[in-house]
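Written out below as structure tokens is the structure these notes cover.
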């Protein structure tokens, strides 16, 4: 394919996404629950038994039958037929007991001076997780809290998808940030650097074992920009130039069946390209379900150019969502961003006060 010139037409973002995402999710692997944290589940995680399987203490104290201590107080102590059993948090409840009294409910002479409602301080059969409960769903990222629930339900392993992403940095420090963004999105990272010449970039692309390749830098139209040329040489260049601002010089293609995303090296354009193209590609490879949108109200208007999809970075304030800017943002402004707004190409922007969908960073 011929290499695009700076005056060629830009591919619409919707078309670029449709072509880039024409891939299947990667194969799932079975890992220990803790090793799966941060990755997307390939199967529902379902409780196979009731947990707990028998009533257990939820706190340290005295195990009693609630009916035997009803009305007990310092002014009306109750004497049991036999001394109550002491239980620790997590212990199985002794036969005939259904309540755990606090430690100071028993005096040294054996009298009970406090009562409690039946079941207080006790985890009932299946209360933590009942047989058949779906504790984490396929397409969701396994969080530490979900992992805690799986461990509590006796689930030791989970099936996850962990796409392997190679980051090729072309003389630009934004590649390290891209690697961090990919890792946060659930990808396994392998990184390498390349010199700026086309031969070196082409050599860096000849790597087996990756599910996708992100090339960072060298996408422009200067004499030292050869990423698109290298991809065309090693595989197929589908597009060089996307109707996305910032990120117009982004591109993509394939080497065999492996998608390759060409990302500008400038930080704001690299982040915009990752949000618009890179993160959706990772979600497709991971089998991740579309996340729920986050809404916010603009504190001032956003202006955009018709015909171009535009990423505008934003931050949240007490008043609402404050636009920071889009392209050509200096780092001291870009670091304030907490999210982004994708303005579609058919709009000129959004007015002050409008509720809009925000893409979290």
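Rule-based calculations on the coordinates, nothing more; no lab input. Only a predicted model underlies this, so the values are computations on that prediction, with no experimental measurement involved. For neighbour counting, all protein chains shown are included, and Cβ atoms are generated from backbone atoms with ideal geometry for every residue, glycine included.
If you compute log10 I(q)/I(0) by the Debye sum over Cα atoms at q = 0.06 Å⁻¹ for the structure shown, which of (i) -0.25; (ii) -0.20; (iii) -0.37 do you land on?
Evaluating log10 I(q)/I(0) by the Debye sum over Cα atoms at q = 0.06 Å⁻¹ on these atoms matches (iii).
Evaluate E = 1/(1 + (r/R0)^6) for residue 117 and residue 54, where r is the Cβ-Cβ distance and R0 equals 30 Å; express this FRET efficiency to the nearest 0.05.
Efficiency, from the Cβ-Cβ distance: 0.90.
With 10 angstrom as the radius, rank 350, 75 by how many other C-beta atoms surround their C-beta, starting from the fewest.
75, 350
Say we join alpha carbon atoms closer than 10 Å with springs in a Gaussian network model of the chain; which of 334, 106, 205 then has the biggest fluctuation?
106
Defining a contact as two alpha carbons under 8 Å apart and six or more residues distant in sequence, what relative contact order in percent does the stretch 56-123 show? Don't skip to the end; give the middle numbers.
Working: 156 pairs, mean separation 32.9, N = 68.
Across the stretch 56-123, relative contact order equals 48 percent.
Could you tell me the largest-minus-smallest coordinate of the C-alpha atoms of the stretch 122-250 on each of the three principal axes, in descending order and whole angstroms?
Here the Cα extents, ordered largest to smallest, are 72, 32, 26 Å.
Of all DSSP beta bridges in the chain, what percent run antiparallel (nearest 5)?
The antiparallel fraction comes to roughly 70 percent.
For the stretch 274-319, taking Cα atoms only, what is the radius of gyration to one decimal and the Dmax to the nearest whole Å?
14.0, 37
Only Cα pairs within less than 10 Å get springs; with that Gaussian network setup on the chain, which residue of 79, 273, 305 has the largest fluctuation?
Taking springs between Cα atoms under 10 Å, the residue moving most is 79.
Springs between alpha-carbon atoms under 10 Å, Gaussian network over the chain: tell me which of 77, 52, 12 tops the mean-square fluctuations.
Most flexible of the set in this elastic network: 77.
What is the log10 of I(q)/I(0) for the stretch 197-253, computed with the Debye formula using one identical point scatterer on each Cα and no solvent, at q = 0.13, 0.20, 0.21, 0.22 Å⁻¹?
-0.30, -0.71, -0.78, -0.85
Only counting other Cβ atoms within 10 Å, I'd like 236, 51 sorted with the fewest neighbours first.
236, 51
Angle, helix 174-184 long axis vs. longest principal axis of the chain, Cα atoms, 0 to 90°, nearest 10?
30 degrees
By count of other Cβ within 10 Å, fewest leading, how are 108, 219, 316 ordered?
108, 316, 219
When the Debye formula is applied to the Cα atoms of the stretch 56-123, each taken as the same point scatterer, what base-10 log of I(q)/I(0) results at q = 0.13 Å⁻¹?
-0.28
So what's the back-of-envelope 222 nm ellipticity for the chain, counting only DSSP H runs of four-plus at -39500 (n - 2.57) apiece and dividing by all residues, rounded to 500?
Values: 8 runs with 63 residues, N = 361.
One gets -4500 deg cm²/dmol as the mean residue ellipticity at 222 nm.
State the antiparallel share, in %, of DSSP beta bridges confined to the stretch 294-360, rounding to the nearest 5. Don't jump to the answer; show the numbers that get you there.
On the way: 17 of 18 bridges.
Counting DSSP beta bridges with both partners in the stretch 294-360, the antiparallel share is about 95 percent.
On the first, second and third principal axes, largest extent first, how far apart are the outermost C-alpha atoms of the stretch 193-324 in Å?
Ordered largest first, the stretch 193-324 gives principal extents of 52, 36, 27 Å.
Please report how far the C-alpha centroid of the stretch 341-361 lies from that of the stretch 202-279, rounded to the nearest whole angstrom.
For the stretch 341-361 versus the stretch 202-279, the Cα centre distance is 26 Å.
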